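Every number in this text was worked out from the coordinates using simple rules, so none of it is lab data. All figures in this text were calculated on a predicted structure; none of them were measured in a lab. For neighbour counting, all protein chains shown are included, and Cβ atoms are generated from backbone atoms with ideal geometry for every residue, glycine included.
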Amino acid sequence: MTCPCCSGKSYEDCCQPYHKKEKFPPTAEALMRSRFSAFAIPNGEYLWETTSPNKRQFHHKKDLQEWGEINKWTKLEIVNKPTDYKVEFKAFYTDEDGNPQIHHELSKFKMIQNRWFYVSGEFLD
Ligand SMILES: [Zn+2]
C-alpha cells in the first residue's frame, strides 16, 4: 500500500520501519510524517512513544488511538520548508460526521539521544 504520509513511496519503504521500531526517523520532518501515518493506521502507541518524555503525561495512548480511528486521514501537506526543529503542516481528514477538516499546525520537535520527539504544536487557521 502507498504510505499514508503522501511521500509517494510504499508504506514498507517509508513509515512502516519507524512504526515497527526497526529504525528511527532521521529528521523532524520524517518523524512528523511517520506520526501522521500513525494516525492513519492507527498506531496510538507509536504516537505516544514519539512524544517528548516530559510531555507524555498530557497524552494518552488510548485517546491517540481513538482519534486515529474515528477520523479518516486523507492527506498530509508540508507547508513551507521545514527547519531542523519545526514543521508546519496541514493534515486533511474526514471527521466522524463525514465533514472534511484541515488541521493546520506548526509542530516543534527535539532530539534526545539521537532520537526525534514531538514536543508541542501551535494550531494555525
Ligand atoms: Zn510515510
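Projecting label points 7 angstrom from Cα along Cα→Cβ for His60 and Lys21 puts them 2.3 nm apart. Neighbours of Phe123 by Cβ distance under 12 Å: Lys/Arg scored +1, Asp/Glu scored -1, total -3.
In this calculation the C-beta distance from Ile70 to Met111 is compared with R0 = 35 Å, giving a FRET efficiency of 0.65.
Size of region 84-125: Rg and Dmax of its alpha carbons, in Å, are 13.2, 41.
The 3J(HN,Hα) values that the Karplus relation (6.51, -1.76, 1.60; θ = phi - 60°) gives for region 4-9 are, in residue order, x, 7, 6, 6, x, 8 Hz. Gly and Pro appear as x. Among residues other than Glu88 with Cβ under 10 Å from its Cβ, the summed charge is 0 (Lys and Arg +1, Asp and Glu -1). Where in region 35-110 are there GluC sites (Glu not before Pro) that are in a DSSP coil and have at most 16 other Cβ atoms within 10 angstrom of their Cβ? Within region 35-110, the qualifying GluC sites (Glu not before Pro) (loop, at most 16 other Cβ atoms within 10 Å) are Glu96. Across region 38-51, rounded Karplus estimates of 3J(HN,Hα) from the backbone phi angles (6.51 cos²θ - 1.76 cosθ + 1.60, θ = phi - 60°) give 5, 6, 5, 5, x, 9, x, 5, 4, 4, 5, 5, 8, 8 Hz, Gly and Pro being marked x.
Contact order, relative form, for the chain: 22 percent (alpha carbon pairs under 8 Å, 6 or more residues apart, mean separation divided by residue count). A simple count of charges around Lys62, restricted to other residues whose Cβ falls under 11 Å of its Cβ and scoring Lys, Arg +1 and Asp, Glu -1, yields -3. Here the sum of -39500 (n - 2.57) over DSSP H runs of 4 or more residues, divided by the residues of the chain, equals -7000 deg cm²/dmol at 222 nm, to the nearest 500. Close amide H pairs (under 5 Å, H built 1.01 Å from N) link Val79 with Glu88, Phe89, Lys90, residues at least 5 positions away or on another chain. Each Lys and Arg Cβ is given +1 and each Asp and Glu Cβ -1; about its Cα centre, the chain then shows a dipole of about 540 debye.
Name the shape class, rounded, prolate or oblate, that the alpha-carbon gyration tensor gives for region 1-92, where a ≥ b ≥ c are the square roots of its eigenvalues, rounded holds for a/c under 1.5, and otherwise prolate holds if a/b is larger than b/c and oblate otherwise. Rounded, since a/c falls under 1.5.
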